[in-house]
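The values are calculated or read from the model by the stated rules, or taken from the named source; none is laboratory data. Every value quoted in this text rests on a predicted model; they were computed, and no experiment measured them. Counting neighbours? That spans all protein chains shown, and the Cβs are built from the backbone with ideal geometry, glycine included.
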Amino acid sequence: MGDPVFIFGDTDAAWLTARHLRAAGAEVIVASGRTPLETPPAAGRLPETPGVELLPGAVPTGCRGAAGAFEVSLVVGGRPITRAVSAVVIAEAEERLPLLAAYGVAPAAGVVSLSRFGRDELSPDAAAGKGPQVVFISGLFTESHPHMAAEVMRAALKLQTERGVHAAILTGNLKVASNGLEALCREARAAGVLFVKFTGTRPEIRQGADGRVSIDFIDELTADAGRMRPQLLVVDEQPAPSRAASELARVFGLETDGSGFGQADNVHRLPVATNRRGIVVAGGARSIGADPATEAASAVLEILGAVAAAPGDRAAIEPGRCIRCLTCLRVCPHHAVTLESRPAVAPAACERCGICAAECPRGAIRIPGLEADALPAEITPAASTAAPRLVAFCCSRSAALAARSAEVLDREALTVVEVPCAGRISPQMLLGPFGRGAEGVLVLTCHADNCHSREGRGFAHRRTELAAAFLALSGIGADRIKVVSLAANMASEFAQTVADFRRNLLTLRT
């Protein structure tokens, strides 16, 4: 592999990844902001051998380069250092933020957060009394997380079956969209755990001077007023990346999800990939509740594949055309554009999405097989037909796959142009077909959060809107161009989109 793999974190996922890499013959650097590095018992500590460098108390400050040739800058013990590495694994821990304030309660003898309940095994003794003795809140005022919902149900089930303590779960939207959670919910119900769901009016929670709470509510099924005064209220928590994980995502230029974890909500990133080839996230830096062993194995496979991948025909910037406007540097979602004396593309980092080529104001970026002036030559309609002749630009990961299996009438009047990402479709490509006899142009993109390059779909939509405005001003008509989002399994929707668009174009002939 050449240079070592840089692993930041001392979690189970971090140590397991390091052990797998050492077994594969790769050298590793394990770093953490903590001093000394913690050793999770499940993973075991790596021996300090020539193939393992340990950097406790490390703070990464920058990362340059691409897969196979990264340069990571750090401060260790107040001293700046750099390390040449082939890949980066971020495996920091997550945090859990108690939602006590969201429910208007404070920690007390009668109120605890979910993690403290589990850690201190706080639970009342079984005692006679009306109503539940322990009440859990899960996703009542905020969206719950499946992992949090699972913890709540397991804790309530354990109290009910092992301690004989009557437990209840108050919820608004109980997240069970994960393996085994629906079955766990049914098991808890069968054991006697009371589930109270609120879809409209929320319950009123009051905390007394003694720390205990009273909960007044209206039963949505019977419309009867009810009150609970449990011995203990257990409040759920919101998973979040640690401060260290959030800073690492910023330093390494990673797209994050809505909660700030270092992996965007994008199906193409699963299980551990990021927007930068050769940089992966695992464990708590990516999500909560993931199995460390699975995360570690996935991380190793991902980085070995990224480092071994041949660059192929990637984007290249022509120095004679480039005016150093840095548009390519700004728009590249994969951090493939570097800046030395002039902008350049690192082949190992380029995903060949074409966003930079479509945005370049000087046309200075070339991608073999995806040149804007070459693509229009491919879209000459095959034969004369009564059906309106269409050109459909399709993302190769979504609509193009749907197009191959779609049953489209008058297919000879439809020219499908595949692009690696809809972000490659430039204004020149959108307008060119009209000069070659096409009566309409379809732009078929991925759905939101399904774009491999994340930003490509947005660029395509904006450029299509601009092209439609130009067609309106020129008298051709804005209705002759349309953008639609389709997935790879939407063959029937592809055929329907083409049929509907053709019907609209036929009305424009009169």
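Looking only at residues of the stretch 322-339 that are in contact (Cβ under 8 Å) with a residue 24 or more places away in the chain and under 11 Å from Gly65 (Cα atoms), we find that the one that is nearest to the chain's Cα centre (by Cα) is His335. Evaluate the following for Leu233: is it crowded, with 23+ Cβ neighbours inside 10 Å, assigned by TED's automatic domain parsing to the domain that holds Gly110 and more than 18 Å from Glu94 (Cβ to Cβ)? In short, yes.
Just one residue in the set Ala209, Ala225, Ala191 is surrounded by fewer than 17 Cβ atoms within 10 Å (Cβ to Cβ), small (Gly, Ala, Ser) and under 24 Å from His145 (Cβ atoms); that residue is Ala191. Please work out which one of (1) crowded, with 17+ Cβ neighbours inside 10 Å; (2) more than 22 Å from Arg34 (Cα to Cα); (3) of a type in the set (D, E, K, R) is the condition Asp265 fails and give its number. Failed condition: (1).
Residue selection: Ala156 satisfies the criterion of being buried (at least 19 other Cβ atoms within 10 Å of the Cβ) and closer than 18 Å to Ser115 by Cα.
If we scan the stretch 455-465, do we find a residue that is outside the structural domain of Arg277 (by TED's automatic domain parsing) and touching a Leu at 6+ places or on another chain (Cβ under 7 Å)? Yes, there is a match, as at least one residue in the stretch 455-465 is outside the structural domain of Arg277 (by TED's automatic domain parsing) and touching a Leu at 6+ places or on another chain (Cβ under 7 Å). Residue check: is Thr256 surrounded by 21 or more Cβ atoms within 10 Å (Cβ to Cβ) and without any contact (Cβ under 8 Å) to a residue 24 or more places away in the chain? Against the criterion (surrounded by 21 or more Cβ atoms within 10 Å (Cβ to Cβ) and without any contact (Cβ under 8 Å) to a residue 24 or more places away in the chain), Thr256 does not qualify. Could you grab me the full set of residues in the stretch 397-413 that are on the phi < 0 side of the Ramachandran plot, outside any helix (DSSP H, G or I) and buried (at least 16 other Cβ atoms within 10 Å of the Cβ)? Matches in the stretch 397-413: Arg397, Ser398, Ala406, Val408. Taking the condition of a type in the set (Gly, Ala, Ser), farther than 18 Å from Ala460 by Cα and in contact with a strand residue (DSSP E or B) (Cβ under 8 Å, 6 or more places away or on another chain), does Ala348 pass? Yes: the conditions hold for Ala348. Those strands (runs of 3 or more DSSP E) of the stretch 51-91 in which 2 or more residues are without any contact (Cβ under 8 Å) to a residue 24 or more places away in the chain occupy 69-76, 79-85.
Restricting attention to the stretch 11-41, the residues that are crowded, with 20+ Cβ neighbours inside 10 Å and modelled with pLDDT under 90 add up to 1.
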